[in-house]
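The structure under discussion appears below in the form of structure tokens.
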Amino acid sequence: MILALDLGSTSFKATAFDEGLNAISSGEGTLVYRYGERGEIELEVKGVFSALKEAVLQAVAGLDDPNASIDAVAVTSQAQTFTLLQGNGKPKMPFISWRDVRAVESAREWTQVLPAFKDQGSFYEALPYLLSSQLHHLSHHGEPGIDPEDRVALLPTMVTKGLSGGFFLDENLAAMTGLYSLSERSWWKEALSFCGLDASQLPSVVPVGSVACQTNDQALEAGLPAGVPIVLAGNDQTAGAFAARLEEQRSTLITLGTCQVAYRFLPSVPPSKAQLIRGPYPGGNGYWMAADSCGGDLVNWACTVLAGCSDPRAFFEKAEQAEARCKGLTFEASVSGSAGSWQGIGFQHGVPEFSRAVLEALVERMDEMFQRLEVSSSSSAPVLVAGGGSQSSLWRQLLRDKLGRDLTPTSAQPALGAARMASEALARS
């Protein structure tokens, strides 16, 4: 049995899989955030481990055989969320969430001081929520500051430390920090120096999908036995792509979830490109990814303002009643996805047009992302589609017509992908 831990932004989920990678039990622990006036979004360390313990205990309690052995623990995680550990190993501060934006000024300084930023890691430009920006902010502009004996623990690193005592991170997530060089395959010295850090303060990096360490007696408190291999499975989008077996089809995955994501498998880590994220994929492969904060959240918002759209199902039913191009009505969403407006409103427009206009705007944005991935028009590889939005036949049809490609619905659950990585890692050992 493999226990997959999906360290998401809203909650932590633990899912037990049998030898055939069928889910047999699950549990969930909710996270509670603290929000500040300057864009701070933090998590208490005790709350993080409480959520983890709650999820694991629920999953174990739900097993038909409570004595079933756990052969491996697989961890897939949100990126960037981190805390600092003092020299004695105790947390120095709460976790800073990847959604925290207090480091805007530090992000601007990166491109001025280190123009090579775009050629090193996953991101083409420095952003406020990246670990590199947050650590620079703490070192130069914020509290509590970073002392030479402090260590930087990202969320999966902290979980691994709590279960094993080991201090590890997989390369997929390391590349997303802004502090890791994909060309050197190590922590980027110039970036660390800019933050006032040394490589010894960062986790040891292992290949994504590999065994990092084994649980020890510390794991007993979380309901896990000692001596179980821990496999680090990268970010949730990569784990989801691995669940969809993207590498076997040399294909592209479109996820219509809270955000819209287009993820292309590549046989090696590709060069950096504006408006794309890149990084390592299991097996020495690579990926390009385009992400848009507009997605299912926009549909959920529309449900709150459009009459008769009490839920997404009602929203899609209304949208199906409208003609293509919505009688001239369009919807424009902001780049950040936090605002939007309908344009060209007339007396001829009703709720069906307002609903469909939102979907057509999302499809246009997905088309732009898909084009950035440079998928060959002659490619015969199927385009896979997953996420809650993929259940809508209208959304799929609009995408199919816009992209000019057939879409194949699939399951892309991060927990399943993490479990599959663990299963293959055990087979190699």
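In the condition set (1) out of contact with any Gly (no Cβ under 7 Å at 6 or more places or on another chain); (2) of a type in the set (S, T, N, Q); (3) free of Cβ contacts under 8 Å to residues at least 12 places away in the same chain; (4) farther than 30 Å from V208 by Cβ, S334 is compliant with all but (1). When N88 is tested against (1) touching a residue at least 40 places away in the same chain (Cβ under 8 Å); (2) assigned to a loop (DSSP other than H, G, I, E, B); (3) surrounded by fewer than 18 Cβ atoms within 10 Å (Cβ to Cβ), exactly one condition is not met: (1). A single entry from D65, D100, D150 fulfils the requirement of being acidic (D, E), farther than 27 Å from P271 by Cβ and in contact with a Phe, Trp or Tyr (Cβ under 7 Å, 6 or more places away or on another chain): D100. Inside region 29-47, residues that are surrounded by fewer than 16 Cβ atoms within 10 Å (Cβ to Cβ) and within 27 Å of G89 (Cα to Cα) make up a count of 6.
Scanning region 47-104 for residues that are among the acidic types (D, E) and within 24 Å of M176 (Cβ to Cβ) yields one hit, D100. Taking the listed residues A55, A68, the one that is under 26 Å from G227 (Cα atoms) and either assigned by TED's automatic domain parsing to the domain that holds I277 or modelled with pLDDT of 95 or more (or both) is A55, with no other qualifying.
Among residues of region 331-349 being surrounded by 17 or more Cβ atoms within 10 Å (Cβ to Cβ) and assigned to a loop (DSSP other than H, G, I, E, B), the one that is modelled with the highest pLDDT is H349. When S50, S9, S26 are checked against the criterion of being farther than 18 Å from T81 by Cβ and surrounded by fewer than 20 Cβ atoms within 10 Å (Cβ to Cβ), a single residue qualifies: S26.
Residue selection: E37 satisfies the criterion of being farther than 13 Å from G417 by Cα, more than 21 Å from the chain's Cα centre (by Cα) and either assigned by TED's automatic domain parsing to the domain that holds L155 or not in a strand (DSSP E or B) (or both).
Within region 256-270, the set of residues being of a type in the set (V, I, T), over 15 Å from V208 (Cβ atoms) and assigned to a loop (DSSP other than H, G, I, E, B) comprises just one member, T258. Cβ-Cβ contacts under 9 Å between residues 6 or more apart (or on different chains), taken from a first residue in region 339-366 that is more than 20 Å from G389 (Cβ to Cβ) to a second residue that is part of a helix (DSSP H, G or I) and basic (K, R), are listed as G344/K327; G346/K327; Q348/K327; H349/K327; G350/K318. Would you confirm whether any residue within region 122-129 is touching a Cys at 6+ places or on another chain (Cβ under 9 Å), assigned by TED's automatic domain parsing to the domain that holds S9 and either crowded, with 16+ Cβ neighbours inside 10 Å or without any contact (Cβ under 8 Å) to a residue 24 or more places away in the chain (or both)? Within region 122-129, none of the residues are touching a Cys at 6+ places or on another chain (Cβ under 9 Å), assigned by TED's automatic domain parsing to the domain that holds S9 and either crowded, with 16+ Cβ neighbours inside 10 Å or without any contact (Cβ under 8 Å) to a residue 24 or more places away in the chain (or both). The lone criterion from (1) in contact with a helix residue (DSSP H, G or I) (Cβ under 7 Å, 6 or more places away or on another chain); (2) closer than 22 Å to G165 by Cα; (3) of a type in the set (A, V, I, L, M, F, W, C); (4) outside any strand (DSSP E or B) left unmet by L21 is number (2).
Residues in region 329-364 that are among the small types (G, A, S) and in contact with a helix residue (DSSP H, G or I) (Cβ under 9 Å, 6 or more places away or on another chain): A333, G337, G340, G344, G346, G350, S355, A357, A361. Any residue in region 75-84 that is part of a strand (DSSP E or B) and out of contact with any strand residue (DSSP E or B) (no Cβ under 6 Å at 6 or more places or on another chain)? Yes: region 75-84 contains one or more residues that are part of a strand (DSSP E or B) and out of contact with any strand residue (DSSP E or B) (no Cβ under 6 Å at 6 or more places or on another chain). Considering region 26-61, and only residues there that are aromatic (F, W, Y) and in contact with a strand residue (DSSP E or B) (Cβ under 7 Å, 6 or more places away or on another chain), the residue that is farthest from L5 (Cα to Cα) turns out to be Y35.
For region 257-268, the criterion of a residue being buried (at least 22 other Cβ atoms within 10 Å of the Cβ), farther than 26 Å from Q397 by Cβ and touching a helix residue (DSSP H, G or I) at 6+ places or on another chain (Cβ under 7 Å) is satisfied by no position.
Selection over region 304-330 of residues that are buried (at least 19 other Cβ atoms within 10 Å of the Cβ) and out of contact with any Lys or Arg (no Cβ under 9 Å at 6 or more places or on another chain) gives a count of 2.
The values are calculated or read from the model by the stated rules, or taken from the named source; none is laboratory data. Since this is a predicted model, take the numbers as computed values, not measurements. Every residue, glycine as well, gets a Cβ built from its backbone with ideal geometry; the counts of neighbours run over all protein chains shown.
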